[in-house]
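The values are calculated or read from the model by the stated rules, or taken from the named source; none is laboratory data. Note that the coordinates shown come from a computational prediction; the quantities given were computed from them, not determined experimentally. For neighbour counting, all protein chains shown are included, and Cβ atoms are generated from backbone atoms with ideal geometry for every residue, glycine included.
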Amino acid sequence: MLVKNILSEKGQDVITIEPERTLLEAAHLLEERRVRAVVVSDAAHPVLGILFERDIVRALARKGAAAANDPVSQHMTAKVITCTRRTSIKDLMERMTNQRIRHMPVVENGRLDGIISIGDLVKHRLSELEVEDQAMHDYSTGRSTPGRRF
């Protein structure tokens, strides 16, 4: 299974924000769209960074309310790990676990093509387990025959 399979189910919509926008604008965008991260990009760069809720909280803790007017680029995570549509789900899970990240932008041919969250992976894995469970149930109750497709 590949990243493109998850994107085909969830869609390719990615919430982005320009680097010069303020943290307050970013906070409003996160709240409005009910997401926990936004990709920072501009016309020339599909992924300049990523801004997480925790980045905003840390900025506020360090600078107080004045941080709300800081540009997103000052507080974003600039080192962003990305994947492609052809990345395997297994590889993606390993990378996200090892790097301790919860969101990974999908970049293909220099274009932002989607974003995968750890929640997307959990949902995908639960769906796989449901199918496996149903197949085992069908097999154990005689509704399917070994060697035949379920």
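Residues that are outside any helix (DSSP H, G or I) and either modelled with pLDDT under 90 or surrounded by fewer than 11 Cβ atoms within 10 Å (Cβ to Cβ) (or both) within the range 104-139 comprise ASN109, GLY110, ARG111, listed in sequence order.
Tell me, yes or no, whether the range 21-43 has at least one residue that is crowded, with 19+ Cβ neighbours inside 10 Å, in contact with a Lys or Arg (Cβ under 9 Å, 6 or more places away or on another chain) and in a strand (DSSP E or B). Taking every residue of the range 21-43 in turn, at least one turns out to be crowded, with 19+ Cβ neighbours inside 10 Å, in contact with a Lys or Arg (Cβ under 9 Å, 6 or more places away or on another chain) and in a strand (DSSP E or B).
Contact annotation: residue pairs with Cβ atoms under 9 Å, 6 or more positions apart or on different chains, pairing a residue in the range 71-89 that is over 14 Å from LEU7 (Cα atoms) and touching a residue at least 24 places away in the same chain (Cβ under 8 Å) with a partner that is exposed (fewer than 13 other Cβ atoms within 10 Å of the Cβ) and charged (D, E, K, R), are PRO71/GLU20; VAL72/GLU20; SER73/GLU20.
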